[in-house]
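Written below as structure tokens is the structure these notes are about.
The values are calculated or read from the model by the stated rules, or taken from the named source; none is laboratory data. Nothing here was measured: the structure is a model prediction, and the numbers come from that model. Neighbour counts run over all protein chains shown; Cβ positions are idealised from the backbone, glycine included. Surface areas here come from the heavy atoms of the whole protein model, side chains and all, with no ligands, DNA or RNA. Shrake-Rupley method; radii C 1.70, N 1.55, O 1.52, S 1.80 Å.
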Amino acid sequence: MTATAAFGDAPGAWPLLGHLPQLAGRPLAFLDALPAHGDVVRVRLGRRTMHVVHEPGLVRQILTDRHVFDRGGVLYDKVRAVIGNGLATCPNAEHLWQRRALQPAFRRSLTERYAATMAAETEALTARWRPGQVVDLTRESFRLTTAVAVRTLFSAGISDRAAEELRAALDVLMSGVYTRVVAPAVDLVPSPARGRYRRALAAWHTGVAEIITAYRAAGTDHGDALSLLLSARDADGRPLTDADLCDQVATLVLAGAETTSSTLAWALRLLAADPRSGDRLHAEADTVLDGRPARYADLPALPFTADVIREVLRLYPPAWAITRTAVHDTELAGRPLPAGSVVMCCLYLVHRRAALFQDADRFRPARWTDGDIPRDAFLPFGLGATKCIGDVFGMTEATLALASIAARWQLTPATSRPPRPAPRLVLSPGPLPMRLTARRAA
Ligand code: HEM
């Protein structure tokens, strides 16, 4: 397959702008049309060319050949400008020591402890829900996962006010970064949106600095990510500066919060449109939980809930695009690829390849038990040395939250308008007004 991968050019480039208008306006419709033009499709971002790749063998080559493909290009430049040079954004040369420093915080043995916080935060979120109320599920899910991120990875010393300010700032930043990637000119023109973005960035830096100060002041080993980072050494054996710590904190919250919240929000929205899967999920939650919140020990008894999450990660992978820049001249599928070329591994398109997944565009969680799934073409957490460090954390959080919510609540869309997915840094479902119906006395 790889050897015969077809190259093509995306049609409809505008003079000067290339395909930026399509990417800014209707990005998913634009992406959906690309496979018809090849396995590697050249897309123009202004004067730059980006190679969109969606053949699994080529994606594997790009993500694992770290001598040739590094984290670089316009997306990483913009993200680094916001969150700095942390584990998820640093170039290969700085990656190893950072990964080693953080890996112990993601040990499976710690996940059980984190799961207790996940359960408590899900309880706190849904305790505010009232029967008949309409909530924006995307916001609610994000509220949950930022709270979990803050309370687990940095488990002490954070005021409620600081946590709340961080959440609000993240919201603005997540959409602002994507806007700056597709339309960099927004920073040149004064506007209310630019003002909001700048204020959010400042609030973010202040909030993160507050967390670090609280940790240093406490001087205790809390056995969490920040405690580990405070005792970590960089590649030259030096302790991390406050600026380094700030970057890592920002990276972990940014990489973990919206990815997991989008997964949960999509799951509840897709289930509402698929009563058979919804009933099966409720039945599983009723049998296992009988109305109580889900705990870590319940996970093996919640296989269908986990399949729902897998199916969501297939159809709407939060990390829908992973970009890399070729640092040497190389070749891709037999064609020369000069140094400096930007490639985008589009997981959204990989997971919807008609030749690999039957009825590829359909939400069908049962496929994970019924069917023959090409698991090596299912890559929601990426591949190789930079594979998601929080994969178990994210799966655990999404599965437990979905089961706990399903045990007590039925969610129905409050509008007949279908979701309008917004591929920002994360493939978010956009606003999701949903009506809450209590299934049991809460
Ligand atoms: C459903 C949830 C999640 C999805 C779909 C997801 C997806 C991904 C993907 C695709 C990558 C690879 C990026 C690359 O190769 O450049 C990645 C990396 C990363 N993720 Fe996640 N992630 C999720 C949850 C989390 C959570 C909960 C955390 C932290 C608590 C986290 C932290 C990170 C970090 C730090 C990296 C960089 C790892 C490295 O370069 O060594 N992620 N994630």
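Data for the structure
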read-out	value
Boolean, A441 is more than 21 Å from the chain's Cα centre (by Cα), open to solvent by 10 Å² or more (accessible area, probe 1.4 Å) and modelled with pLDDT under 90	yes
Residue tally, condition in a helix (DSSP H, G or I), near the ligand (Cβ under 7 Å from one of its atoms), open to solvent by less than 20 Å² (accessible area, probe 1.4 Å) and among the small types (G, A, S), over region 374-417	2
Qualifying residue in region 134-150 (condition: touching a helix residue (DSSP H, G or I) at 6+ places or on another chain (Cβ under 6 Å), within 15 Å of the ligand (Cβ to nearest atom) and open to solvent by 40 Å² or more (accessible area, probe 1.4 Å))	no
Qualifying residue in region 289-302 (condition: open to solvent by 10 Å² or more (accessible area, probe 1.4 Å) and either within 27 Å of A93 (Cβ to Cβ) or within 16 Å of the ligand (Cβ to nearest atom) (or both))	yes
Residues that are free of Cβ contacts under 8 Å to residues at least 12 places away in the same chain and of a type in the set (K, R), drawn from region 391-442	R417, R420
Residues that are open to solvent by less than 60 Å² (accessible area, probe 1.4 Å), out of contact with any Asp or Glu (no Cβ under 8 Å at 6 or more places or on another chain), assigned to a helix (DSSP H, G or I) and of a type outside the set (A, V, I, L, M), drawn from region 201-247	W204, Y215, C246, D247
Count - residues of region 336-363 that are within 16 Å of the ligand (Cβ to nearest atom) and not in a loop (DSSP other than H, G, I, E, B)	9
Qualifying position, being surrounded by fewer than 20 Cβ atoms within 10 Å (Cβ to Cβ), among the basic types (K, R) and in contact with a helix residue (DSSP H, G or I) (Cβ under 8 Å, 6 or more places away or on another chain), among R71, R108	R108
Residue count for region 390-428, restricted to those that are of a type outside the set (G, A, S) and closer than 30 Å to R99 by Cα	14
Subset of region 79-108 [among the aliphatic types (A, V, I, L, M) and at pLDDT 85 or above]	L87, A88, A93, L96, A101, L102, A105
Residue ID - farthest from the chain's Cα centre (by Cα), chosen from residues in region 304-335 that are assigned to a loop (DSSP other than H, G, I, E, B) and surrounded by 19 or more Cβ atoms within 10 Å (Cβ to Cβ)	A333
